[in-house]
Structure formats: structure tokens, C-alpha cells
1. Tell me which residues, restricted to the stretch 56-93, are within 23 Å of the chain's Cα centre (by Cα), open to solvent by 60 Å² or more (accessible area, probe 1.4 Å) and under 30 Å from LYS386 (Cβ atoms).
2. Taking the options PHE160, PHE147, name whichever one is aromatic (Phe, Trp, Tyr) and in a loop (DSSP other than H, G, I, E, B).
3. Given the criteria buried (at least 23 other Cβ atoms within 10 Å of the Cβ) and either free of Cβ contacts under 8 Å to residues at least 40 places away in the same chain or among the small types (Gly, Ala, Ser) (or both), does SER267 qualify?
4. Looking at the stretch 351-365, is at least one residue assigned to a loop (DSSP other than H, G, I, E, B), polar (S, T, N, Q) and touching a Lys or Arg at 6+ places or on another chain (Cβ under 7 Å)?
5. Is it the case that LYS125 is touching a helix residue (DSSP H, G or I) at 6+ places or on another chain (Cβ under 6 Å) and either surrounded by fewer than 15 Cβ atoms within 10 Å (Cβ to Cβ) or polar (S, T, N, Q) (or both)?
6. Scan the stretch 322-333 residue by residue and report those that are under 19 Å from ASN255 (Cβ atoms) and in contact (Cβ under 8 Å) with a residue 24 or more places away in the chain.
7. Would it be correct to say that ASN262 is within 30 Å of SER353 (Cα to Cα), open to solvent by 10 Å² or more (accessible area, probe 1.4 Å) and in contact with a helix residue (DSSP H, G or I) (Cβ under 7 Å, 6 or more places away or on another chain)?
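The values are calculated or read from the model by the stated rules, or taken from the named source; none is laboratory data. Quick caveat: nothing in here was measured; it's all calculated off a predicted structure. Virtual Cβ from ideal backbone geometry, glycine too; neighbours counted across all protein chains shown. Ligands, DNA and RNA are excluded from the accessible area calculation, which covers all protein heavy atoms including side chains. Shrake-Rupley method; radii C 1.70, N 1.55, O 1.52, S 1.80 Å.
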Amino acid sequence: MRIVLLIVINLIVFCDLAFSKEKLLPNTLLEIKVIENWEPVKNFQKFKEYSNLTPMKGFLERKNKEWNCFDRIKNVDPYPKTDDSHWAWFTCQNYLHFAGTNNPQIIADILLSWASAKKDPMVKKKTTKAIGYNVSGYDIPSTIGTFAQFYAVWYNEVSFTEQERQLVNKYLVQKLLDQKFKVLNHGKRKCNIKKLKSIYSKNTGTNNCGNIRMKVAVGEIMLGFRLKNQELLDKGHKDIYVVQAFINKDGININHASRGANTVNYSWEYTGYSSILAEVYRPVGYDYFEHTFPRGAKVKDYIKFNYKLLKDFKLTAEWAKRNVGSQFDKYKNISKLTQAEYLQTEYAENVYSFEYGDKEFIKAHPRFTKKYMPEVYSSVSEEEIKNFHKSREGLISANKGVSSYGLYYGNN
């Protein structure tokens, strides 16, 4: 019995050593340099034409009347510190992204107000020891990230004096550089990118290597290009590397896949950044779809997997059952359902416009489907895709400051 026990112990030690020595591929994005006159859209008039076609959601209009979103975000009042104030902030952020596509000065004026304030209002604060930085720690950096994305694209469309421009640029750059992604929950630890499965630990603050960092990283990359700021661009590439380290060799983001009954929700929404970045890197001659993640999968593998996931939600069951950050939406709520039954649940209803087939997928990833899935791309006319505005999650949302399709349309 003792010999067997020793063998088991040795095997566990061996596995732990192997587990701790997971090797990651180098961050090749750090080889990309800023260029003169970077423009994410070749034909800005076409981009504006499409942006003006994007309808405002009725729900957002109603909430804006209730919450006065421009003043709420500009003045950071009420401050986001509870679940209720988070929901209002998040919804208003979504509203302003939509409103800004028709009038980019709206976002610009908010940025100028923050940059001009005697005391910076966009600072995360602790509420209680138990809650810690949870709410403001999520909302403040996320908004800085998505507004930076928006500003980088609409840069030449906003009216600033030279002094105002310099003030906003300096403010945003410093705010982005200052983002260190501290763990939100009290007593939790940062993600360990060398240990893929460490994401399952209840002691790991998954936002440290997840959605907050992703939004900020894309803002850093886009504004780094716009302002020819190599330091900011490099930080964006270092930050995004941390997020991508949790995409396994098969192209599955286990940070998202492990989110219980919301496994498809998390997985699908953030694929949008792949096609946004594909347009962002085109001016520097980098094919992002062929980019290799730290664990060996390519961006194209990641998008292809998520297409399959939309057709079969159980593909992430292995990870979803971990219920990371899903205290109230556990995987058992959907685990025994068929695909047809799943589509009737709230977990599918607000995620993707399943009733319209592949239209939402094509619109989110037009360049990708045209190149890698031509049979899917050709199943719907380009005019139909352009005029399709039934996306559940929305190509623009609280989590994305720009539209992947809008960028593509201006570049196509």
C-alpha cells in the first residue's frame, strides 16, 4: 500500500512540474511598429455612410431618457459602485457608442471633460472590503478602453483646438499606460499565464486576464497606431498576449468557455475583436487571421471554433461545467437540453440572432468568412449583410467601441 501511495504521490509531483512548465510561444505582435499616417479605414466616407445607417436600439433610447447618459458618464455621477449603478453605466456606455457613430463629438466632449477636470473623475475606488474594486474596477477601465478605440477611429472627425487635442491625447495615453489590471475581488490572485488550468481556481481573479484587459488592450493598440506611440502600442500587445494565453491549442478561450450557462454568450461576443483587429493591422501589412496565439492556435482556428459553437452549444461542456464566475447561471441549467431546447432559453435569446442563420456571424466577420468560409459568405448577398441590423449582441456594444463590419465596409 505504501509503495502504491508513493507512486501516486510521485505522479502528482511529476504532473505538477510538467504543468508548471507549460511553454508559451513568443509574443510576435511586439515586432509590429508604428507607421506614418496610420488609418484604419481607407474610404472614410463609406465608413460614415454605413455608420449613419446603424439604428439606435429602442431600449437604449428609453434608458437614455431615464438616465441622461451623456451627463452620467461625463460627470461620472452617479459613480459606478453597486450592481444597479453598474448596469446603468454599462447601458449608457452602450448608448454612447451608438450615438457617437452619428455624432462623434459626443464621445470627444466627454473625453475633453475628463481631461480638463481638476480632479480626474475616472478613478476606481474601493467600496467595502468585501466588494473591493469590483464595480468601478470593471467599469472605469472598460470605458477608457472602448472610448479610446472610438477616438482612434474617429480622430479626424472631432473638433478640438490644438490645445484641447494635446490635452485629450496626453490624458488618454496616460490613463491607458496606468492600467495594471489589479485583481478586483478582495483576497484573490492574478492569472498565471503559464498555467492554463489555473483559470479554474476560485482564488483567480479572471478579469485580470479577461474582458477588461481585452478592451483596454485594443484601445492601446489602436491609439498607439493613431498617435505613433510605440510605448502604448507595445503595452497593448503585452496586454492582449495575457488574454490570448488562455486560448488553448484548439482555439478555445477557456476563460470564456468555462462561464457556466453563459458559455456561448462570453465566447461569441468577444470574437468580434478578431475582425476589428484584422482591419486595424491591415495598414501595417499584418494578416491577423494567420496570427498564432501563445499556445499554438491561430486566430482563424479560434473564429472557426466559435462558428461551430453557435451550432452546438455543448462543444464547451468540458469547461462550462466549471462555472467560473457563474454563481447564478450554472451549466446544469442547460447541460441536459438539446440544441433546439437551448435556443428557447434566455441564455441563447440575448446572445445571437439564431433565427437569421449565419447573417450575424457573416456581418461580424465579413473578411474572414469571405476568405476562409466562402460557402457561408456566398449564402447571403452583400447588400443583405449591409442592411442586416438584427444582431442580438450588436456589432457595437458596451464592450466594443467600433464595428468590425463598419471598418470592413470602409476598407472593402
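1. Passing the criteria: LYS57, PHE59, PHE70.
2. Going through PHE160, PHE147 in turn, just one is aromatic (Phe, Trp, Tyr) and in a loop (DSSP other than H, G, I, E, B): PHE160.
3. yes
4. yes
5. Yes: the conditions hold for LYS125.
6. ARG322, ASN323, VAL324, GLY325, SER326, ASP329, LYS330, TYR331
7. On the way: within 30 Å of SER353 (Cα to Cα): yes; open to solvent by 10 Å² or more (accessible area, probe 1.4 Å): yes; in contact with a helix residue (DSSP H, G or I) (Cβ under 7 Å, 6 or more places away or on another chain): yes.
Criteria met by ASN262.
For every residue, the table says whether it meets (1) in contact with a helix residue (DSSP H, G or I) (Cβ under 6 Å, 6 or more places away or on another chain); (2) surrounded by fewer than 19 Cβ atoms within 10 Å (Cβ to Cβ); (3) closer than 27 Å to GLU39 by Cα.
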residue	(1), (2), (3)
LYS190	yes, yes, no
ILE199	yes, no, no
ASN207	no, no, no
MET214	yes, no, yes
GLY224	yes, no, yes
